[in-house]
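FYI, it's all coordinate maths here, none of it is from the lab. Model, not experiment: these values are computed from the prediction. We place every Cβ from the backbone using ideal geometry, glycine too, and count neighbours over all the protein chains shown.
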Amino acid sequence: MKGLILILIVLKTAFVFGQVAVFSAKYKTIKFPKTSEGELLSFSYEIKNKGKAPLELYSWEAECTCTDVILPSDPILPGEFATIDVVFDTNGKYFFQNRIIYIKSNSRKKRELLRFKVFVEPKPIEEKPTP
């Protein structure tokens, strides 16, 4: 009898630990057309939880303060979708921008990566009139 109980406990534990959240993005990299310096780029990543446990997004990290990220506040249930909203300020950014956003979560990897790319055309330099 003790052996049967032990086997049931081991099987239940294995089943529970086998349930994990799986972070899946429709597009992990978003490419934008040429953009003029000073514009705000607002966009969203569509995320799906392909796992068997709720997906929780804890925090984010970007390479510069020019990027702001809004994570969903509620867990993403298995099979459900959510969006991660991003705003990139191109002010003071020039030429090719290849930005990475790291998302901390309870997924298998614990740290997911999203990326966006854009070529920012600098503002023309204003010439001072000559006297």
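Taking a sphere under 15 Å around the Cβ of ASP68 and counting the other residues whose Cβ falls inside, with K and R at +1 and D and E at -1, yields a net charge of -3.
Among ARG115, ARG99, the ranking by other beta carbons within 10 Å of each residue's beta carbon, starting with the fewest, stands as ARG115, ARG99. Of all beta bridges that DSSP places with both ends in segment 30-131, some 90 percent have antiparallel geometry. Prolate is the label for segment 38-122, because a/c, from the alpha-carbon gyration tensor with a ≥ b ≥ c as root eigenvalues, is 1.5 or above and a/b exceeds b/c. Legend: ranking of residues GLU37, GLU61 from fewest to most surrounding C-beta atoms inside 10 Å; resulting order GLU61, GLU37.
If R0 is taken as 30 Å, the Cβ-Cβ distance between GLU80 and GLU39 corresponds to a FRET efficiency of 0.40. Under 5 Å from the amide H of LYS93 lie the amide H atoms of GLY38, each residue being 5 or more positions distant or on a separate chain, with H modelled from the backbone and absent for Pro and chain starts. Of the cross-linked pairs LYS48/LYS123; LYS31/LYS110; LYS28/LYS123; LYS28/LYS110; LYS26/LYS110, those separated by over 27 Å at the C-alpha level are LYS48/LYS123; LYS28/LYS123. Amide H to amide H, with H built 1.01 Å from N, TRP60 comes under 5 Å of LYS104, counting only residues 5 or more places away or on other chains. Ranked for footprinting exposure by Cβ neighbours inside 10 Å, fewest first, LYS34, LYS28 give LYS34, LYS28.
Short-range pairs are left out: with C-alpha atoms under 8 Å and at least six residues apart, the relative contact order of segment 38-122 is 34 percent.
Applying 0.36 nm per residue to the separation of LYS28 and GLU61 and subtracting their alpha-carbon distance, the gain on full extension is 10.3 nm.
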